[in-house]
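Nothing in this text is a laboratory measurement; each read-out follows from the coordinates by a stated rule. The structure displayed is predicted, hence computed values, not measured ones. Every residue, glycine among them, receives a Cβ derived from its backbone with ideal geometry; neighbour counts consider all protein chains shown.
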Amino acid sequence: MFEYFVGLRYLLNRTRVSLSIISVISICGVFLGVTALVSVISVASGFEETFRDKVLGVNSHVLVMTYKQDDFREYRDVQKTLEDFSPEVLETAPFIFHEMMIAIGSKVSGILIKGVEPETMMGVSDLAKYIIADDDDARRALLDELHYNPSRDGEVPPVIIGRVLAEHLKANIGDEVRVISPRRGIVGEHRYGPSQMEPTQKKFRIIALYDSGFYDYDNRLLICDYKALQEFFNLDDVVTGVEVRVRDINKTGALRDAVTPVLNSNPGIERFKVIDWQDLNRSLFASLRMQKVTLSIIMLFIVIVASFNIVGTLIMMVLDKQRDISIMKSMGASDGMIMRMFIYQGMMIGGIGTVLGLLGGLGVCEFLTVYDFELDSTVYLISALPVKLEPGVFAAVALATMFISFLATLYPSWWATQLSPVEGLRYE
């Protein structure tokens, strides 16, 4: 305890204004470094979580598809197999997915059109909750309206489009749009058509808009009944794949590995490929994680630079307290006691700066959350700066900063033990 009280006394000593100012500067350096580090990591974590939520909000957790396109006929059997395979599987649904073009008047845009099963859409993805409506009952009513019956002659298939795309096309609810495929009517396996050269285009009626907050989807993705696309492409009862929603998104990899050999039970024939959300967006999430790590390392250098202030402060303190060190050594203080005295002092500087920095980082994050800084969605794909507060991040930053502060105290503290009592008392 002796070393602690002496170190605290030196830190609070106001007889030397210059030392007090340097101590305050050292604390401010650690404070600014920790604040910047916590804020940057929280924003980077916010980006990662927001992109994950947006991707999983529009897409399902696991997709089952065939290696041969437009050849997935046994999808109902696959759905049953998946639902019986594991209690982790909550819901399955067929889907059809194609790149197309959309036109209304002279406005034309490239799109992705997704055919879904309206009655299971709410179960396999969160896209339904992004439909612009007064409440969930109204959204369910719109999903009921999304049903399409190919047997009804002259019926225009309903479609739901993104708010950003609707603004670009200047389209409103109730308008009819032309969906055009670059593919033409092809006569072949599982397909038939009256003419091979007839352009494939079809009118769709807009019944609702959705706003997921993810620009890339809101500007390109259309949702309709998969039966409308089967009719559009002259397909028989064939789909692109089956969507699967699970209880725990962190277990999708294990489910993928377990169910793949079950679906491909025929020896020598690998017909189905199972892809989870991480496989589907591996490059996106890898780049986000790399960005987070890189920014964290760069911001950590601010803390390391601030630790040099601690080194300088302790060296000046040792020079100023040579007489006191010599007296304590003459009275029997060991080198370990002298060393711990200055280590405690440096750790107090680092500790105060760390606590203030964590509070500062929390304040910055709360400020960014409350004032909701807008982003250009055409560049960042999302409309507001995301922030995610993680207690684990705060704890890790605190431990890293205190460790760096401890390392910064070692040399000055060791140097203090090398001072000879005779040198310190020579001119007294």
Placing unit charges on C-beta atoms (Lys and Arg positive, Asp and Glu negative, everything else neutral), compute the dipole magnitude of the chain about its Cα centre in debye, rounded to 20. 1660
Mind ranking 229-242, 285-298 by how tightly packed they are, going by the mean number of other C-beta atoms within 10 angstrom, highest first? 229-242, 285-298
Going residue by residue through the range 205-218, the Karplus relation 6.51 cos²θ - 1.76 cosθ + 1.60 with θ = phi - 60° gives ³J(HN,Hα) values, rounded to whole Hz and with x marking Gly or Pro, of 10, 6, 10, 6, 10, 10, 9, 8, x, 10, 4, 4, 7, 5
Distance in nm between label sites at ILE297 and ILE327, each 7 Å beyond Cα in the beta-carbon direction? 5.0
If r is the Cβ-Cβ distance from ILE275 to SER106 and R0 is 30 Å, what FRET efficiency results, to the nearest 0.05? 0.20
Among VAL274, MET331, THR92, the residue whose Cα sits farthest towards the positive end of the charge dipole of the chain (+1 at Cβ of Lys and Arg, -1 at Cβ of Asp and Glu, taken about the Cα centre) is MET331
Work out, step by step, the length gained on full extension between GLU83 and ALA258: first 0.36 nm times the residue separation, then minus their alpha carbon distance; give nm to one decimal. 61.7 nm
Gain in span if fully extended, LEU399 to ILE304, counting 0.36 nm per residue against the direct Cα distance: 32.9 nm
So how strong a dipole does the range 194-325 carry about its Cα centre when Lys and Arg Cβ are +1 and Asp and Glu Cβ are -1, to the nearest 20 debye? 320
Mean Kyte hydropathy of -1.0 or more with a Cα span along the axis of at least 30 Å, helices from DSSP in the chain: 17-58, 282-320, 335-371, 391-417
Mean Cα-pair separation over length for the range 68-270, i.e. relative contact order, pairs under 8 Å, 6 or more apart, %: 32
Find which of LEU410, TYR371, GLY154 sits farthest along the positive direction of the dipole of the chain, computed with +1 on the beta-carbon of Lys and Arg, -1 on that of Asp and Glu, about the Cα centre. LEU410
10 Å binning of all Cα-Cα separations within the chain, expressed as whole percents from 0 upward: 4, 17, 20, 17, 12, 10, 9, 7, 4, 2, 0, 0
Table column - 3J(HN,Hα) (Hz), the range 275-280, Karplus curve with 6.51, -1.76, 1.60, x for Gly and Pro: 10, 9, 4, 6, 5, 5
Full extension between PHE373 and LEU56 adds, at 0.36 nm per residue less the Cα distance, a length in nm of 111.8 nm
Per GNM of the chain with C-alpha springs under 10 angstrom, the most fluctuating residue out of ARG152, ARG247, ARG256 is ARG152
Show which lysines lie in cross-link reach of LYS54 when reach means a straight Cα distance below 21 angstrom and same-chain residues fewer than eight apart are skipped. LYS114, LYS129, LYS251, LYS292, LYS388
Toy charge model, Lys and Arg Cβ at +1, Asp and Glu Cβ at -1: the range 68-270 dipole around Cα centroid in debye, rounded to 20, equals 680
Mean residue ellipticity (222 nm) of the chain, computed from DSSP H runs ≥ 4 via -39,500 (n - 2.57), nearest 500: -17500 deg cm²/dmol
Remind me, relative contact order of the chain in percent, using alpha carbon pairs under 8 angstrom and six or more residues apart? 28
